[in-house]
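K.L.:
Mind looking over this structure? Questions follow.
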Amino acid sequence: MALLCALAILPEAIAQHHPCRLGKFNRTVTITDRSLPVRRAYFGVRLTGGYGYPSHVRYARIPLAVKATGADVAISGLFHAPFGQHFYVEPQVEAYYSMLKTDKRICEEPAAAGITEAELRTVGIRVPIYAGLRFDVGYMREITIFGGPQFDFRIHTAFKPDVDSQIFHGTIKNPLYGDYGVDLDLRGGIGYSVGHVFIGATYTWGIAHVTRSDYGAKQQRMAQISIGYDF
């Protein structure tokens, strides 16, 4: 009988002194109660697809179109730094490729030159720095709400109107300010994690142009959906 009792309490005794490592959560289970998860820092990756629709688009100081729309794809890495049970900071580095096309509402000067639409394809790096809150909603499941500033470093923007007009002819080959630039945005969103897997959605608002560039928009806007893995 004594041997049976010892075998019955052995697993609980081991759990009491040895925490179980479960991905992002380190949980310690005792005989009397279950403790709160102990958070740890970790790295992660994200694959993101987005839809951009900036307004009042210009190129080389010339108003181009009322709006442009198009797809955006990105891959990013992150570092998650927890502060207590619910708060965290998460900087990310995101490489992206954006494909925008102007709508039919072309501005007066390019329309007079025969331009009906134009494409703007951009390669760049975004650096969002999130501060967030997380809430446990089940075993190894959590919801996160996050937001913060984002720096958008446009490395190269290729501009291609449907007509080789003289008003843009010189600046396409020799950009006035440069086809690169830096913008400051505000980006926020919500996420849901199950174990190591993350899915989320974000929205980006343009705040200011840090440097001048040939491509510009009065209001940068983008909605994105992400899927990722946390190590």
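The values are calculated or read from the model by the stated rules, or taken from the named source; none is laboratory data. Note that the structure is a prediction, hence the values are computed from the model and not measured. Every residue, glycine as well, gets a Cβ built from its backbone with ideal geometry; the counts of neighbours run over all protein chains shown. Quick note on the areas: whole protein, heavy atoms, side chains included, nothing else; ligands and nucleic acids left out. Shrake-Rupley method; radii C 1.70, N 1.55, O 1.52, S 1.80 Å.
K.L.:
What do you reckon, is E94 under 24 Å from G181 (Cα atoms), part of a strand (DSSP E or B) and open to solvent by 30 Å² or more (accessible area, probe 1.4 Å)?
P.N.:
In short, no.
K.L.:
Is there a residue being open to solvent by less than 20 Å² (accessible area, probe 1.4 Å) and farther than 30 Å from A41 by Cβ anywhere in the range 145-155?
P.N.:
yes
Residue by residue, here is whether (1) touching a helix residue (DSSP H, G or I) at 6+ places or on another chain (Cβ under 8 Å); (2) polar (S, T, N, Q); (3) surrounded by fewer than 16 Cβ atoms within 10 Å (Cβ to Cβ) holds:
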residue: F159; (1), (2), (3): yes, no, no
residue: V197; (1), (2), (3): no, no, yes
residue: A201; (1), (2), (3): no, no, yes
residue: Y215; (1), (2), (3): no, no, no
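K.L.:
Starting from the range 109-129, take each residue that is under 30 Å from L78 (Cβ atoms) and list its partners that are open to solvent by less than 70 Å² (accessible area, probe 1.4 Å) and of a type in the set (A, V, I, L, M), counting only C-beta distances under 7 angstrom and pairs at least six apart or across chains.
P.N.:
Listed by first residue and then by second, the contacts come to L120/A68; L120/L100; R121/M99; R121/A158; I125/A95.
K.L.:
Additional query: Taking the condition out of contact with any Pro (no Cβ under 9 Å at 6 or more places or on another chain) and either surrounded by 13 or more Cβ atoms within 10 Å (Cβ to Cβ) or at pLDDT 50 or above (or both), does P54 pass?
P.N.:
Yes; evaluated as a whole, the condition is true for this residue.
K.L.:
Another question, then. Only one of R61, R141, R105, R126 is at pLDDT 95 or above and either more than 13 Å from the chain's Cα centre (by Cα) or open to solvent by less than 50 Å² (accessible area, probe 1.4 Å) (or both); which?
P.N.:
R126
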